[in-house]
Amino acid sequence: MIPVTRPKEPADFDKNVRTPGTQWLKDNPGAPRPSPLWNKCSQALADHYANLCAYAAMLDPTGGTVDHYLSYKNFPGLTYEWSNYRFASGTLNSSKKTADDTVLDPYDVGPGWFEIILPSLQMRTTEAIPAAYREKAEYTLKRLKLRDGERVIRWRQSWYNMYKQKKLTLEGLREVAPLIADAVEKAAL
């Protein structure tokens, strides 16, 4: 995970998402799944994140998803609120499910809180994480399988291999996988 700033709400969000979403919630109390009206703003969210998954800190070539940081199941009133959206890979969004705020909010992450270890490509926490966030950060690594989950490691490996094969420059690697680029620079010292 890397620091992410809160994106500005799109000018047409209220008209296209919040207002019809609020009506949908009134018309469909207790529905098992919400109407995906947020798809109308998903590109704006992806653009703000530079298409990097908020949790994996890597470009998601599948296009990513809108993660409801606080889930529809537990917080239906936040389903159509811009402030509740994070950009995430579908795989990690599925792993998160209804973990809600037991998972570290990407907006709370500070610089240098996480790093990638070479050559294993595992993610770990660093001493930069304040004590108040340490337990939540460790839980996030476990819940989302960010430390050493097979899919995430393969994902990291694909970017790292492109760099090693000189298909990506270090600057290109930084754009698609900034924590891996940091690890490469650290290893070169």
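FYI, it's all coordinate maths here, none of it is from the lab. As the structure is a prediction and not an experimental result, all values here were calculated from the model. Backbone-built Cβ (ideal geometry, glycine too); neighbour counts: all protein chains shown.
With kT/(6 pi eta Rh) evaluated at 10 °C and eta = 1.306 mPa s, and Rh the Kirkwood radius from Cα pairs, the stretch 108-188 diffuses with a coefficient of 121 µm²/s according to Stokes-Einstein.
Counting only Cβ charges, +1 for Lys and Arg and -1 for Asp and Glu, the dipole size of the chain around its Cα centre is about 520 debye.
In the chain, a dipole from Cβ-located charges (positive for Lys and Arg, negative for Asp and Glu) runs towards its positive end, and of Gly172, Met58, Asn161 it is Asn161 whose Cα lies farthest in that direction. The lysines whose alpha-carbon is closer than 22 Å to the alpha-carbon of Lys8, local same-chain residues fewer than 8 away aside, are Lys40.
Relative to the current alpha-carbon distance between Arg6 and Ala187, full extension at 0.36 nm per residue lengthens the span by 62.0 nm. Mind checking the stretch 118-189 for GluC sites (Glu not before Pro) that DSSP puts in a loop (not H, G, I, E or B) and that have at most 11 other Cβ atoms within 10 Å? Within the stretch 118-189, the qualifying GluC sites (Glu not before Pro) (loop, at most 11 other Cβ atoms within 10 Å) are Glu127.
Over all pairs of different C-alpha atoms in the chain, the reciprocal of the mean inverse distance, the Kirkwood hydrodynamic radius, equals 17.4 Å.
In the chain, a dipole from Cβ-located charges (positive for Lys and Arg, negative for Asp and Glu) runs towards its positive end, and of Pro76, Met1, Pro32 it is Pro32 whose Cα lies farthest in that direction. The gain in end-to-end length when the Asn74 to Thr19 segment is fully stretched comes to 17.8 nm, 0.36 nm per residue minus the alpha carbon separation. Charges were assigned to the Cβ only: +1 to each Lys and Arg, -1 to each Asp and Glu. The resulting dipole of the stretch 82-189 about its Cα centre is roughly 500 debye. What is the calculated FRET efficiency for Asp47 to Lys26, with r their C-beta to C-beta distance and R₀ = 41 Å, to the nearest 0.05? Rounded to the nearest 0.05, the efficiency is 0.85. In plain terms, the chain from Glu171 to Ser94 could stretch by 24.7 nm, reckoned as 0.36 nm per residue minus the Cα-Cα distance.
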